[in-house]
Amino acid sequence: MSKKSSVKESAKKRPINIYGKCKLKGELLVKEMICNYAILRFSNVYGNRYDICGRVIPAFVKQAINNETLYLEGGNQIIDFHLHR
């Protein structure tokens, strides 16, 4: 995890846990085995208890633990993931 809000693709990769190590190994395998590929890194969906509390999973877990009603708002959102080459 980086303390910066954005990290260049060329930055040295230093995974700090098994999850990060597995993601890196998977990306390296894709790059080695497939000549035309795209790797998407979704950062706004999942997280853990040390992550941003407003993300979907941490927010729902907190509400469930506190016996609060889970609300899904909106439904017409569109997320545009641009491919950078």
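Rule-based calculations on the coordinates, nothing more; no lab input. Computed from a predicted structure; not experimentally measured. So basically every Cβ, Gly included, is an ideal-geometry build from the backbone, and we count neighbours across all protein chains shown.
Can you figure out the FRET efficiency of L72 with E9, using R₀ = 30 Å and their beta-carbon distance, to the nearest 0.05?
Efficiency computed from Cβ-Cβ geometry: 0.35.
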### Query
Which peptide among 21-28, 7-14 comes first, and what is the full order, when sorted by highest mean count of other Cβ atoms within 10 Å?
21-28, 7-14
### Message
Multiplying the sequence separation of I18 and V61 by 0.36 nm and subtracting their Cα-Cα distance, what value in nm do you get?
### Response
13.2 nm
